[in-house]
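So the structure is just underneath, and the comments pick up after that.
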Amino acid sequence: MPTSGNLDTPSELTFERSLYVGGQITAILYGIQLVLYFLSIRLLLHSTRKGKDAYFYAIYGTVLLLLWTVALACNAILGQYAWIDHRDIEGGPAAYIGENISAAYNTLGTTAGVMMNFLSDALLIYRCYLLWSSWRIVVFPILIYLGGLSMSILLIYESAQPGANFFVGHAVDFGVPYMSLTISLNIIVTVLICARLLYLKNEVNNILGPAHAQMYTSIVAIMVESAALFTVLGIVYVVVYARKSQTSIALVQVWGDFCAISPQLIILRIAMGHGWTKETVGRLTTTFAFSSHLDTEKELPSLTSTGLPFSDRYSNENSV
């Protein structure tokens with residue numbers, strides 16, 4: 001981490017470059033998020049099938065966008081102060097970043113990013129429950145979620161102390177467990193969602209045909225619904241962060257961006273009528289049950305006193 005005594009050391013330059021590059025990538029991804037958000041809002045609020053879910057997802061997406069805006073603004077302020085307004089202080093930008101990374105505005109940005117993460121995780125747990133229709137499946141993920149939440153509170157508190165740093169010292173002692181828990185949660189929920197979608201893909205394909213299966217369970221659909229990219233980025237970040245690498249500042253920014261982008265992609269699919277909803281799962285469950293009932297009747301016909309299957313007797317009686 002940068003210190004005021006060593007100006008322009010390789011470690012400092014790596015940290016500053018990573019901070020700058022991460023900020024540029026974030027700006028690009030923020031623009032993509034704006035497009036996804038406004039397209040989703042337009043589809044959700046102007047749909048003929050608009051209901052409570054539409055308002056929920058619209059509000060949820062708006063909160064995510066506001067939190068990301070706060071985090072982006074705080075990072076921009078840090079960059080402006082370090083590289084423009086206070087670049088002439090003793091030790092240069094590296095010293096300024098080291099001394100002010102626990103500033104109130106930067107802590108606010110960190111808090112906004114953590115809140116984005118937990119909103120994203122909460123949606124994934126809900127989507128997992130929706131697909132499995134069983135609370136028993138999500139009990140363990142919820143426990144991990146609560147553990148990660150408690151670690152994040154301690155992390156924010158520790159990193160907000162004067163002279164503290166999110167990336168070194170005691171903050172890392174809370175940061176590594178927090179990241180490990182949240183990434184473990186992402187992995188577990190992603191695997192559960194992928195497994196359920198692959199099962200549903202087979203069922204939908206057999207009953208409704210490949211066209212319906214492609215819409216709801218294609219590779220792209222599975223990746224979006226399970227937030228697979230978000231999980232992969234998280235795994236890479238937690239490894240780099242645990243090693244206390246200076247490049248982790250860039251990775252955490254990009255990973256944090258997908259805390260908003262991944263849920264927004266799910267919302268967009270729902271707004272377009274391609275995402276999994278309560279209604280979709282309910283209709284398919286009913287269809288599966290009905291199909292299973294018909295198959296049972298065909299394979300195990302109920303014999304009557306006349307020796308004819310019930311369906312044949314019913315036809316004969318109505319033909320009289």
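The values are calculated or read from the model by the stated rules, or taken from the named source; none is laboratory data. Source: prediction; values computed, not measured. Cβ coordinates were reconstructed from backbone atoms using ideal geometry, including for glycine residues, and neighbour counts include every protein chain displayed.
Values computed for the structure shown
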| item | result |
| --- | --- |
| Cross-chain or 6+ apart pairs with Cβ under 6 Å, the stretch 190-201 first and closer than 12 Å to A227 by Cα, then surrounded by 14 or more Cβ atoms within 10 Å (Cβ to Cβ) and of a type in the set (S, T, N, Q) | T190/S226; T190/T231; I193/S226; C194/S226 |
| Residue tally, condition without any contact (Cβ under 8 Å) to a residue 24 or more places away in the chain and part of a loop (DSSP other than H, G, I, E, B), over the stretch 66-101 | 4 |
| Members of the stretch 18-37 found to be under 16 Å from the mean Cα position of the chain (by Cα) and of a type in the set (G, A, S), listed by number | none |
| Test: residue in the stretch 108-116 that is more than 21 Å from the chain's Cα centre (by Cα), at pLDDT below 90 and not hydrophobic (A, V, I, L, M, F, W, C) | no |
| Matching helices (runs of 4 or more DSSP H) fully within the stretch 205-252 where at least 1 residues are of a type in the set (A, V, I, L, M) and modelled with pLDDT of 75 or more | 219-225, 228-242 |
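Quick grid of which residues meet (1) surrounded by fewer than 15 Cβ atoms within 10 Å (Cβ to Cβ); (2) at pLDDT 80 or above; (3) in contact with a strand residue (DSSP E or B) (Cβ under 7 Å, 6 or more places away or on another chain):
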{"position": "A122", "(1), (2), (3)": "no, yes, no"}
{"position": "I125", "(1), (2), (3)": "no, yes, no"}
{"position": "W132", "(1), (2), (3)": "no, yes, no"}
{"position": "W135", "(1), (2), (3)": "yes, yes, no"}
{"position": "P141", "(1), (2), (3)": "no, yes, no"}
{"position": "I144", "(1), (2), (3)": "no, yes, no"}
{"position": "L155", "(1), (2), (3)": "no, yes, no"}
{"position": "A164", "(1), (2), (3)": "no, no, no"}
